[in-house]
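Before any comments, here is the structure.
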Amino acid sequence: MPGTEDKYSRLETEEISEKFRRLDTLDTLSILRTINEEDRKVPDVVACALPVIANVADAAAACIGAGGRLVYVGAGTAGRLGFLDAAECIPTFGIPEGIVVSVIAGGVRSITRAREKAEDCVSCGARRMDVLKIGKRDFVMGIAASGKAPFVMGAMRRAKERGATSAALVNVSNPEISEFADYLIALLVGPEVIAGSSRMKAGMAEKLALNMISTAVFVKLGRVYDNMMVELKPYNEKMRERTVLILSRITGTGRDRAAEVLEEAGWNIKTAAVMILKNVKAAEAAALLSVAKGNLRNALK
């Protein structure tokens, strides 16, 4: 296709570095050292972007607090990373399904099997925003290492038209997608060891940023106390044990007493903590939490 090579070859994510030219001649340990040396650069790149990442987290928290959603949109590796973060928010922060939403080019089948052609469908991205009924209370995060994935750009354009707040998470300078974003997180990790393989440093940087954003959002929304998961749902033995341990640490009570109160509280850590520390029954503890809008620290004041 005329002009295609020039269009993409100038992107930082597509650059072929002379530093890695003879990678295929190295022994295994040397290959691994080369990758590791490059990977160690990623946290510093992310650190430089912390101010804008903080702004994104604040804006996303405000949207969710107002009844909106955090919606990740991506294709390929970026889409899978968004899907992973969205899925992990449910057990970690105890949020209902549909609060953090993941949209990936090609649909859920693309999570386990690459469907590269789906990335080029601009209208498909736009349609997904319409199906989700994206609106003014939603925060849409477009994730695209190249900064120009057509599916993501189509979604971001439509999200903007529908009044959503938005951000773009990219690994290039001057990304086209920034036209449709209120915030731009540009993590310039440089050329990959395998040229163009954005699942490597670019993907790692995106993963770190997404973890930071979702974690900060739900800490701010009161779904963490100190550094503990107080919205944990005890669906299995490990989680039940963790739930008892968390309540014990918050209240200073023994394991048996913690388990007993959790039973009375319907295995709700926050309710149980208020019951113990305020010496009240479950109904009154729930009422105190309701007044505090679910924030355990405020309910205990």
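The values are calculated or read from the model by the stated rules, or taken from the named source; none is laboratory data. Because the structure is predicted, anything quoted here is derived from the model rather than measured. Methodologically, a virtual Cβ is constructed for each residue, glycine included, from the backbone with ideal geometry; neighbour enumeration extends over all protein chains shown.
Quick one: in region 182-200, which of the residues that are under 17 Å from the mean Cα position of the chain (by Cα) and either crowded, with 22+ Cβ neighbours inside 10 Å or not aromatic (Phe, Trp, Tyr) (or both) is nearest to ARG158 (Cα to Cα)?
Once the filter is applied, the top-ranked residue is LEU184.
Name the one entry in SER146, SER173, SER214, SER198 that is hydroxyl-bearing (Ser, Thr, Tyr), touching a residue at least 12 places away in the same chain (Cβ under 8 Å) and within 30 Å of THR271 (Cβ to Cβ).
Matching residue, one of SER146, SER173, SER214, SER198: SER214.
Just the residues that are more than 12 Å from VAL230 (Cα to Cα) and in contact with a helix residue (DSSP H, G or I) (Cβ under 8 Å, 6 or more places away or on another chain), please, taken from region 285-301.
Of everything in region 285-301, those that are more than 12 Å from VAL230 (Cα to Cα) and in contact with a helix residue (DSSP H, G or I) (Cβ under 8 Å, 6 or more places away or on another chain) turn out to be ALA285, ALA286, LEU288, LEU289, VAL291, ALA292, ALA299, LEU300.
Quick test for you: out of LYS270, LYS301, pick the one residue that is of a type in the set (Lys, Arg) and within 21 Å of ILE95 (Cα to Cα).
It is LYS270.
For every residue, the table says whether it meets (1) in the same structural domain as GLU192 (by TED's automatic domain parsing); (2) among the aromatic types (Phe, Trp, Tyr); (3) at pLDDT 95 or above; (4) closer than 30 Å to ILE213 by Cα.
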position: MET1; (1), (2), (3), (4): no, no, no, no
position: ASP24; (1), (2), (3), (4): yes, no, no, no
position: ALA47; (1), (2), (3), (4): yes, no, yes, yes
position: VAL52; (1), (2), (3), (4): yes, no, yes, yes
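State all residues of region 61-88 that are surrounded by 24 or more Cβ atoms within 10 Å (Cβ to Cβ) and among the aromatic types (Phe, Trp, Tyr); if no residue qualifies, say none.
Selection gives TYR72 alone.
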